[in-house]
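The values are calculated or read from the model by the stated rules, or taken from the named source; none is laboratory data. None of these values were measured; they are calculated from a predicted model. Positions of Cβ are generated from backbone atoms using ideal geometry, with glycine treated the same way; all protein chains shown enter the neighbour counts.
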Amino acid sequence: MMAGEQRPPTRWKGKHGEMTGPDWKKSKDARKQALKQLKELKLLKKLDKQRVEQEKTIEQMKKKELKGRLHTISVALPGSVLDNAQSPEFRTYLAGQIARACTVFSVDEIVVFDEQGEDAKTVEGEFGGIGRKGHANVQLARILQYLECPQYLRKCFFPKHRDLEFAGVLNPLDSPHHLRIDDDAEYREGVVVDRPSKPGKGSFVNCGLRKEVQIDKQLQAGLRVTVRLHKMDNPETKVLKGSVIAPDVPRMESGLYWGYTVRLASCLSSVFTECPFEGGYDLTIGTSERGSDIDSTIFPTFRHMLIVFGGLQGLEASVDADPNLNLTDPCVLFHHYLNTCPGQGSRIIRTEEAILITLSILRPKIDKALKS
């Protein structure tokens, strides 16, 4: 080194294995980067797990929707069909045939209307005898309700009555909600019993099991309820648990046929105007030998279907007697006015026969409409 020339400062290299300043800084940045990548990886894994769980939830919901049944089928007929029977035994048997036919084809609602336009909206009271005007509607509705009710609940809701004198010999409906005591099922029909429960606890319900079920709500005794039973880890538990649900949940969530409801209508027009479904019936069908041929009929997708049958004199007589209708031709009341048995060999098809014929021939058309 020349005289007067300044020596450059020496830099400490560090001991063997130690990092110098720039190397340490690079290592610190590398660690930060690695930590950042690790956090991002964890976040990605977490997001991926959430996405998989969401997809599973959506798939389960779709399966539940596919499994459930959102549409309903309603049947309306006049109670005067019972007037064609010659004795109380035959009247009861005829009502049983109607109940069986509607159950076999999973009808959700049966509307009994009065051909004469009289106001009868209750099944209370006594039946006065064959042919007595108006009483046939009440008797038909009462027998239909009796048969729909599970056997273990009938004593609670149907006291001894003249209308039900011969109902005990009718063929049972044996529908999915008519369960035996040892049947394992998610849902059951029950009646709230008059039994005290602890504060903050729900009422007890007789669901036709060996033990009463405690539900999640306090309800009035004597009320009929639909219960979703909770799964119990210990089968020997003293108290069964359940939740009260709407009667249409078994149908909408699990696709189960859960019986029919019965509604009385004072006249034909009330069948439409007093519809219990939001938005009313979006597909209505009238049946008559003067209707169009059913073979060429195609139904659109629907949510609530109504099929109306006439009495001994057809739907024309019901239209004439209805004080709210200014019509002569009943076909204008319906989306489709159909002859479901063209070329019939008998002059008259009885209503109980017409129900079976019509529901049989409509079934493939209904399935096709719902698939579309």
(request) Could you run through the range 324-372 and say how many residues are among the acidic types (Asp, Glu) and surrounded by fewer than 13 Cβ atoms within 10 Å (Cβ to Cβ)? (result) 2
(message) So for the range 245-266 (the condition being modelled with pLDDT of 95 or more, among the polar types (S, T, N, Q) and either at negative phi or more than 19 Å from the chain's Cα centre (by Cα) (or both)), does at least one residue qualify?
(response) yes
(request) Please work out which residue is nearest to Val193 (Cα to Cα), limiting yourself to the range 217-244 and to residues that are surrounded by fewer than 16 Cβ atoms within 10 Å (Cβ to Cβ) and β-branched (Val, Ile, Thr). (result) Val239
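Please enumerate the residues belonging to the range 300-320 that are part of a loop (DSSP other than H, G, I, E, B) and crowded, with 18+ Cβ neighbours inside 10 Å.
From the range 300-320, those part of a loop (DSSP other than H, G, I, E, B) are 300-303, 309-310, 312-313; that's our starting set.
Phe302, Phe309, Gly310, listed by residue number.
So is Ser243 closer than 26 Å to Ser106 by Cβ and in contact with a Phe, Trp or Tyr (Cβ under 9 Å, 6 or more places away or on another chain) or not?
Working: closer than 26 Å to Ser106 by Cβ: yes; in contact with a Phe, Trp or Tyr (Cβ under 9 Å, 6 or more places away or on another chain): no.
No, not satisfied.
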(message) Restricting to the range 185-241, name every residue that is in contact with a helix residue (DSSP H, G or I) (Cβ under 6 Å, 6 or more places away or on another chain) and at positive phi.
(response) Gly208
(message) Quick check on Gly291: is it within 15 Å of Cys341 (Cβ to Cβ), surrounded by 15 or more Cβ atoms within 10 Å (Cβ to Cβ), modelled with pLDDT of 90 or more and not hydrophobic (A, V, I, L, M, F, W, C)?
(response) no
(request) Being closer than 22 Å to Leu173 by Cα, assigned to a helix (DSSP H, G or I) and not hydrophobic (A, V, I, L, M, F, W, C) is the filter here, so list the residues in the range 216-259 that pass it. (result) Pro250, Arg251, Ser254
(message) Go through the range 124-178 and report how many residues are buried (at least 17 other Cβ atoms within 10 Å of the Cβ), modelled with pLDDT under 95 and among the β-branched types (Val, Ile, Thr).
(response) 1
